[in-house]
Amino acid sequence: MGGRGWPRGVPLGLVVLALLLNAAALCRGGVTSRFVRLQEKAVDMPLNADVFRIPPGYNAPQQVHITQGDYEGRAIIVSWITPAQPGSSAVLYGTSPKKLSSQAVGIVLRYMFHNYTSGFIHHCLLKDLEYDTQYFYMVGIGQSPRTFWFRTPPKSFDSNKTLAHYEANPKKGQTVLFVGDLSYADTYPNQDNVRWDTWGRFVERSTAYQPWIWTAGNHEIHFAPELGETVPFKPYTSRYFVPYQASGSIAPFWYSIRRASAHIIVLASYSAYGKYTPQYKWLEEELPRVNRSETPWLIVLMHSPWYNSYNYHYMEGETMRVMFEPWFVKYKVDLVFAGHVHAYERSHRVSNIAYNIVNGKCTPVRDQSAPVYITIGDGGNLEGLATNMTEPQPGYSAFREASFGHAVLDIKNRTHAHYGWHRNQDGAAVEADSLWIYNRVWNPKPETD
Ligand SMILES: [Fe+2]
């Protein structure tokens, strides 16, 4: 696979998270929502579903998606697939749809998986972009061109001007933090990669316009020796490029970006993280690099949650927690988002780092230097909701409900961010769970939850 060499950079702003869940009882911990919803069957969308529609025109580009292409947010990686022939790997772009005066040329690749051969996958880096600017871009040049647009983030330094401008932005959601498990193609016969294509077309209406910050989940592994497929993550790494080298990472599964006022660290639940491993050493060096004056908010994404009181994937995140939790407390991570569990849960600020094998101190305790842990694996999936919870609700758990939904994190300034979780059954403006989040460095007082 080519294209390992993207430059550095990353941005942030309003953040949207998509995940799923439903509800049950009560207890000693916080709130277990009793919200009762219609049972949503996990019905698979047929291959001819309208959301999978192939765009018209010969060899028209499809499955268009973008992500931040550098460390600071001045570059974008544009990716798309052409079905019949390679076509052009160039992107025309500019600040007016009528004057796409710049051009960048990317690379094209294909991959085979068992009896599936991918289309022609293009990745093209647009760099040296201006901050806080709307860009229009065209792909499929010379055959069936399609035009989309995106907006770069404001410059990160925490000037009042930037933040005020940020606050005034009427758009809800500028970046999607995606916490893993994309297409679920691995659950189909022969791990049918056609499902990667349908999923890519399905989400294009968002991924072509907003950077999605990718985290690898277990459904991205695609390790199938029985099919002759022994290279893990082949479809994912072929289709989704991330700027990992910009943050000094050696693999696309763990990396960091800066986006406006947030420093976002993506961790890999399915790459080695024990002591001396590349991911461990990278994170050990990465955390002291975070500049909380330039990027006041420190957010971590991972797939498998550390604090999860559902009976699904229970304690799967425990080994990574043992390795990294002391650092999260030391460096005052504000928020951790995880997926994997198809439900929603928010923790209090807790840590569980006192245990030393012999002292028996193995219960999570309230800790104002610790992150809020949010499990938001409730975007929707083939397996249905995780409705079975451990009882009683543990003390670390502030709110839990098994409904599908998404959340919006609205960073207001360096001290305050508003967080709201929206279940799918409600109107768009309804927050089923919400909280003012206080920055751990600039406003480290307890939240009122
Ligand atoms: Fe998962």
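The values are calculated or read from the model by the stated rules, or taken from the named source; none is laboratory data. This one's a predicted model, so the numbers in the text were calculated from it and none came from an experiment. Positions of Cβ are backbone-derived with ideal geometry, glycine not excepted, and every protein chain shown enters the neighbour counts. These accessible areas exclude ligands, DNA and RNA; they are computed on the full protein's heavy atoms, side chains included. Shrake-Rupley method; radii C 1.70, N 1.55, O 1.52, S 1.80 Å.
Could you sort W149, W421 by accessible area so the largest value comes first, with the probe set to 1.4 Å?
W149, W421
Compute the separation of the alpha-carbon centres of the range 99-146 and the range 253-297 and state it in Å as a whole number.
28 Å
Most mobile of K332, K234, K361 per a Gaussian network model of the chain (Cα springs, under 10 Å)?
Of the options given, K361 has the highest mean-square fluctuation.
Could you work out Rg/(2.2 N^0.38 Å) for the range 269-357, with Rg from alpha carbons only?
1.11
Grab the DSSP H runs of the chain that are 4 residues or longer, score each as -39,500 (n - 2.57), total them, divide by all residues and round the 222 nm result to the nearest 500 deg cm²/dmol.
So the helix-based figure for the chain works out to -3500 deg cm²/dmol.
On a full-extension model of 0.36 nm per residue, what is the gain between T277 and N443, subtracting their alpha-carbon distance, rounded to one decimal in nm?
Here the answer is 56.3 nm.
Could you tell me what percent of the DSSP beta bridges with both partners in the chain are antiparallel, to the nearest 5?
75 percent
Between the alpha-carbon centers of the range 171-196 and the range 357-422, tell me the distance in whole angstrom.
22 Å
If packing is taken as the mean number of other Cβ atoms within 10 Å per residue, what is the order of 402-411, 56-65, 190-199, 223-232, highest first?
402-411, 190-199, 56-65, 223-232
If R0 is 25 Å, what FRET efficiency do you get for Q85 and N115 from their C-beta distance, rounded to 0.05?
0.75
Over 28 Å between Cα atoms, which of K361/K412; K234/K332; K275/K361; K281/K332 qualify?
Distance filter (> 28 Å) returns K361/K412; K234/K332.
May I ask what percent, to the nearest 5, of DSSP beta bridges between residues of the range 245-448 are antiparallel?
So the antiparallel bridges amount to about 70 percent of the total.
For a protection proxy built on the mean count of beta-carbon atoms within 10 angstrom, sort 118-126, 242-250, 303-311 highest first, please.
In decreasing order of mean packing, 118-126, 242-250, 303-311 become 303-311, 118-126, 242-250.
Given points 7 Å out from each Cα along the Cα-Cβ axis, report the E226 to E130 separation in nanometres with one decimal.
5.6 nm
Pairing the Cα long axis of helix 194-207 with the longest principal axis of the chain, what angle in degrees results, from 0 to 90 and rounded to the nearest 10?
The helix 194-207 is inclined about 80 degrees to the chain.
With a Förster radius of 25 Å, plug the Cβ-Cβ distance of K99 and R205 into 1/(1 + (r/R0)^6) and report the FRET value to the nearest 0.05.
0.50
Expected output is a single nm value to one decimal: the length gained when fully extending between V365 and R53, i.e. 0.36 nm times separation in residues minus the C-alpha distance. What is it?
Contour length minus Cα-Cα distance gives 107.3 nm.
Give the shape of the range 245-448 as rounded, prolate or oblate, defined through the alpha-carbon gyration tensor: a ≥ b ≥ c are the square roots of its eigenvalues, a/c under 1.5 means rounded, and otherwise the shape is prolate if a/b is larger than b/c and oblate if not.
rounded
Taking every pair of alpha-carbon atoms in the chain, what share in percent sits in each 20 Å bin, from 0 to the bin with the longest distance?
P(r) over the chain, rounded to whole percents: 26, 59, 15, 0.
Using only the Cα atoms of the range 227-281, what are the Rg and Dmax in Å?
Calculated on Cα positions, Rg and Dmax stand at 12.9, 45 Å.
Given H placed on each backbone N at 1.01 Å, which residues far from S403 in sequence or on other chains put an amide H within less than 5 Å of it?
L21, N22, Y344
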